[in-house]
Amino acid sequence: MALMRAKKIHVLGVDLTLAMDARRAESLARSPLWQRVGKPSLQLLRRAARARRGGTNAVTNSYTGARGVDAVTLSLTPQAPRVRMAGDEAQASALRERVKRIAWYHTIDLPHGVTVQGVVDYRGQGDWHGLPPNLAGKRCLDVGTFDGFWAFEMENRGAAEVVGLDIESLADMDFPRRKRAALVEEAMQLRGTMDVGQGFNLAREILGSNVQRSLCNVYDLAPEKVGGLFDVVFISDVLVHLRDPQTAIENIFSVMNPGGVFLLTTAFDPSLDAFDAPLSEYHGTDYSWVWWSHSSKSLRRMLEVAGFNPIEELNRIRAANPLGEFHKIVLRGGVTG
Amino acid sequence: MTGKIERRVRLGALEVRLAADGARAERLRALAMPALGFLRLRRHNRVPGSASQNGAVASPGLRLPPAEPSSGYGDGGPKAAALWQEVARVRWYHTINLPHGIVTPGFVDRRPVVHRYGLPTDLGGKRCLDVGTWDGFWAFELERRGAAEVVGLDVDSPFDLDFPRLEKIRLKQQGPDRLRTAGIDTIGAGFSVAHAALRSSVKRVVCPIYEASAERLGQFDLILCSEVLEHLRDPQTALENLFSITRPGGQVLIAEPYNPELEWFGRNMSLFVGTTNNIGVWWEHSSRTLKKMMQVAGYVNVEEAARLDMDNKLGHFSKIVFRGHGPPSEPASHKLPDANEEQVHS
């Protein structure tokens, strides 16, 4: 019955789990004996084992060069820069003028050698986020598309149709009712505008893209709002900003085609995975408009309750953006039947 | 075919679990036979059935046991017998004292702890709300304490309860029998029997808490919300709605089960159950999470009124009562904060 702290080790094909009453484990971890003897020797063992396996499995991640330890499969093939055509310098500077006026969230490569600098740079990370290399014939949905980086990425991978779901203004975000005015003010100061569609519209025009931007809160998402079902639904960096992630995930399940794939990337708290229960920490938008940090166990259970099956973890990484360092996880949910 | 082996050994405070499949298990068995024999001798040390509990504390829920025949028909008079006829038809959630010595055979009995919830002894002139009234125990208690008006908020249809969408579809497919075994087929039946027997003037209003607003319900001096939030996926919106119907100068009592295993973290921890324990519990919160959610909703001076160890027929659980205060009372011209704003759940 007690909450347990559990550590799973895979030795010689056997799953060995060491579990201890969480509170007891916590006081043990704080004890001088563990700090001076137990922990250092364990680290030594771990380092030795890693050396024997051959080198380190740490990889560098292009978020900001943060080191991620567990993301062995991260492939960082930067997108080939678009071919610069001769005599497009005039077009390029005209484009730069237009781009300048917008507060970009995504870093996106535009034609004429122009790259807009956003808050986050996901270029070349489509595979790491679980996107299949070939989306030919697929109908795809990008939830919380913002400047549309992921929607354009799915289009580049050959999707038959891509819909980018978004809200009209940052004021439509899931803020606490009592703090709404203050947070809207904060957002205004941070970005200078509440509009979230300017970047998307410009990029779509310049890229000659066919992605459809659909204005609909994820809490209201339903097949009739987005013209039917999807084969691939992608959501990244949205979930922690929702007070009620379960309803969002259920709504996403309701727009999935049988056999479809749901790709969820979100910040999470791996330290909570040490416990033998699906834990989440409530923040109530104290910082960065974050409602919760979930353990991967909570996230998995939310997908399970919504009906996804099977649920697999594809990747996890320690990442950083200008707001700070955090951990990210990629989960894939299937739809059977 | 050799299957998976799974072993669980307790070594003092440490629990060691071992799992391996097929051929690996077979080799391991051959290698470790003597050790396994030793472990088998120690089998009595194994922790029974702790695999799937996830540290969950038993919480009160919606799966109710069948009504048990009461020890007697109250005072034995003809009126008692007539009332018992009606009482016996209902599956009771609350244990309520009715006239003629009849006591409803409830799933929970809150009578011994009524005095510990921090309810004002005299509610004279107050407009009060009991959220999730079910059989009405707390609403009748508020009325007994002299409230000018008591409203009991509840739902009628089991499909207005906050279940996972797939679970609702399943409930619809499985039909009335499934609803009956879950004890949610006749919500409000107990209330109407008790209401009539007590000649109560409590008003039962059907409105899911996600839709509660000042326009629909008016505002209240005292709101009691007992064992409701744990059954909601989104307690934050519920608390925001409650705040919008708390009168300036009014207060709220949030009486909720909490998970004592989460208290020592010193962080706002919650355990996501996701109703997978079959009794409709979405979250087990720590007391810190509940307090923080009340503050985020707008309540000020949130204070702990009581911590209680309680029982229902599923077992033992811990409960906390928080008292929160609504907006400060000011002249009537004062605009209530955001009472008209749109809700997250449409």
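The values are calculated or read from the model by the stated rules, or taken from the named source; none is laboratory data. The shown structure was predicted, so the numbers you read here are calculated from the model rather than taken from an experiment. Cβ sites come from the backbone with ideal geometry, for glycine too, and all protein chains shown count toward neighbours.
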Quiz prompt | Count of region B:109-128 residues which are within 22 Å of B:N97 (Cβ to Cβ) and surrounded by 18 or more Cβ atoms within 10 Å (Cβ to Cβ) | solution = 6
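State whether one or more residues within region A:196-209 are touching a residue at least 40 places away in the same chain (Cβ under 8 Å) and either closer than 27 Å to A:A306 by Cα or in a loop (DSSP other than H, G, I, E, B) (or both).
Yes.
Right, B:L271: buried (at least 24 other Cβ atoms within 10 Å of the Cβ) and away from chain A (no Cβ under 12 Å) or not?
In short, no.
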Exercise. For region B:252-266, state whether one or more residues are within 11 Å of chain A (Cβ to nearest Cβ), part of a loop (DSSP other than H, G, I, E, B) and surrounded by fewer than 24 Cβ atoms within 10 Å (Cβ to Cβ).
Key: yes
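Please pick out the residue among A:F275, A:F308, A:F326 that is more than 19 Å from the chain's Cα centre (by Cα) and touching a residue at least 24 places away in the same chain (Cβ under 8 Å).
Within the list A:F275, A:F308, A:F326, the selection yields A:F275.
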Quiz item: Among the residues of region B:193-204, which ones are surrounded by 15 or more Cβ atoms within 10 Å (Cβ to Cβ) and either among the acidic types (D, E) or assigned to a helix (DSSP H, G or I) (or both)?
Solution: B:V193, B:A194, B:H195, B:A197
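Just to be sure before I move on: is A:L242 within 30 Å of B:E230 (Cβ to Cβ) and touching a strand residue (DSSP E or B) at 6+ places or on another chain (Cβ under 9 Å) in the structure I sent?
yes
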Quiz item: Scanning for something within 14 Å of another protein chain (Cβ to nearest Cβ), within 21 Å of A:V226 (Cβ to Cβ) and either among the aliphatic types (A, V, I, L, M) or out of contact with any strand residue (DSSP E or B) (no Cβ under 9 Å at 6 or more places or on another chain) (or both), does region A:151-170 turn up at least one residue?
Solution: yes
Quiz item: Just one of B:G118, B:G72, B:G77, B:G106 is away from chain A (no Cβ under 14 Å), on the phi > 0 side of the Ramachandran plot and at pLDDT 50 or above; which is it?
Solution: B:G118
Practice problem: Please tell me if A:V233 is part of a strand (DSSP E or B), within 27 Å of A:K328 (Cα to Cα) and either hydrophobic (A, V, I, L, M, F, W, C) or touching a Lys or Arg at 6+ places or on another chain (Cβ under 7 Å) (or both). | Solution: yes
Practice problem: Scan region A:265-313 residue by residue and report those that are more than 12 Å from chain B (Cβ to nearest Cβ), within 22 Å of A:T336 (Cβ to Cβ) and part of a loop (DSSP other than H, G, I, E, B). | Solution: A:P310
Practice problem: Inspect all residues belonging to region A:162-169 and state whether any of them is assigned to a loop (DSSP other than H, G, I, E, B), in contact (Cβ under 8 Å) with a residue 24 or more places away in the chain and either more than 25 Å from the chain's Cα centre (by Cα) or buried (at least 20 other Cβ atoms within 10 Å of the Cβ) (or both). | Solution: no
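Quick one: which residue in A:L239, A:L272 is buried (at least 20 other Cβ atoms within 10 Å of the Cβ) and either at pLDDT below 95 or aromatic (F, W, Y) (or both)?
From the options A:L239, A:L272, the qualifying one is A:L272.
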Practice problem: Give region A:216-229 a look and list any residue that's in a helix (DSSP H, G or I) and either on the phi > 0 side of the Ramachandran plot or not charged (D, E, K, R) (or both), or say none. | Solution: A:V218, A:Y219, A:P223
Self-check item: Filtered residue count, region B:303-330, keeping only those that are more than 14 Å from chain A (Cβ to nearest Cβ), more than 17 Å from B:R247 (Cβ to Cβ), of a type outside the set (D, E, K, R) and not in a strand (DSSP E or B)
Solution: 0
Practice problem: Within region B:288-302, identify whether any single residue is modelled with pLDDT of 95 or more, facing chain A (nearest Cβ under 10 Å) and part of a loop (DSSP other than H, G, I, E, B), and answer yes or no. | Solution: yes
Quiz item: Restricting the first residue to region B:144-165 and requiring it to be over 25 Å from B:G274 (Cβ atoms), which pairs with a second residue that is charged (D, E, K, R) and crowded, with 16+ Cβ neighbours inside 10 Å meet a Cβ separation below 7 Å and a spacing of at least six or different chains?
Solution: B:A147/B:K126; B:A148/B:K126; B:A148/B:R127; B:E149/B:R127; B:V150/B:D130; B:V150/B:E143; B:G152/B:D130; B:G152/B:R204
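Let's see how each residue does on (1) of a type outside the set (S, T, N, Q); (2) closer than 21 Å to B:V108 by Cα; (3) more than 14 Å from every other protein chain (Cβ to nearest Cβ); (4) within 18 Å of the chain's Cα centre (by Cα):
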site	(1), (2), (3), (4)
B:A148	yes, no, yes, no
B:D156	yes, yes, yes, yes
B:D185	yes, yes, yes, yes
B:S192	no, yes, yes, no
Exercise. Only residues that are under 21 Å from the mean Cα position of the chain (by Cα), crowded, with 18+ Cβ neighbours inside 10 Å and modelled with pLDDT of 90 or more: list them for region A:91-122, please.
Key: A:W104, A:Y105, A:H106, A:I108, A:D109, A:V116, A:Y122
Exercise. Given the conditions (1) more than 10 Å from chain B (Cβ to nearest Cβ); (2) farther than 22 Å from A:E153 by Cβ; (3) crowded, with 21+ Cβ neighbours inside 10 Å, report the number of the one that A:P258 does not fulfil.
Key: (3)
Quiz item: at pLDDT below 95 and away from every other protein chain (no Cβ under 11 Å), is that true of A:G227?
Solution: no
Self-check item: Residue among A:S214, A:S209, A:S169, A:S236 that alone is of a type in the set (G, A, S) and touching a His at 6+ places or on another chain (Cβ under 8 Å)
Solution: A:S236
Quiz item: Here are some conditions: (1) free of Cβ contacts under 8 Å to residues at least 60 places away in the same chain; (2) assigned to a strand (DSSP E or B). A:R213 meets all but one. Which one does it not meet?
Solution: (1)
Quiz item: Filtering region B:210-251 down to residues that are within 14 Å of another protein chain (Cβ to nearest Cβ) and of a type in the set (A, V, I, L, M), which residue is surrounded by the fewest Cβ atoms within 10 Å (Cβ to Cβ)?
Solution: B:A214
Self-check item: Residue selected from region B:133-150 under the condition surrounded by 24 or more Cβ atoms within 10 Å (Cβ to Cβ) and aliphatic (A, V, I, L, M), by the criterion farthest from B:R180 (Cα to Cα)
Solution: B:A147
Quiz prompt | Members of region A:172-188 that are more than 11 Å from chain B (Cβ to nearest Cβ) and either on the phi > 0 side of the Ramachandran plot or of a type outside the set (V, I, T) (or both) | solution = A:A182, A:L183, A:E185, A:E186, A:A187, A:M188
Quiz prompt | Scan of region A:217-229 for residues that are of a type in the set (A, V, I, L, M, F, W, C) and either surrounded by fewer than 16 Cβ atoms within 10 Å (Cβ to Cβ) or touching a Leu at 6+ places or on another chain (Cβ under 6 Å) (or both), ordered by number | solution = A:A222
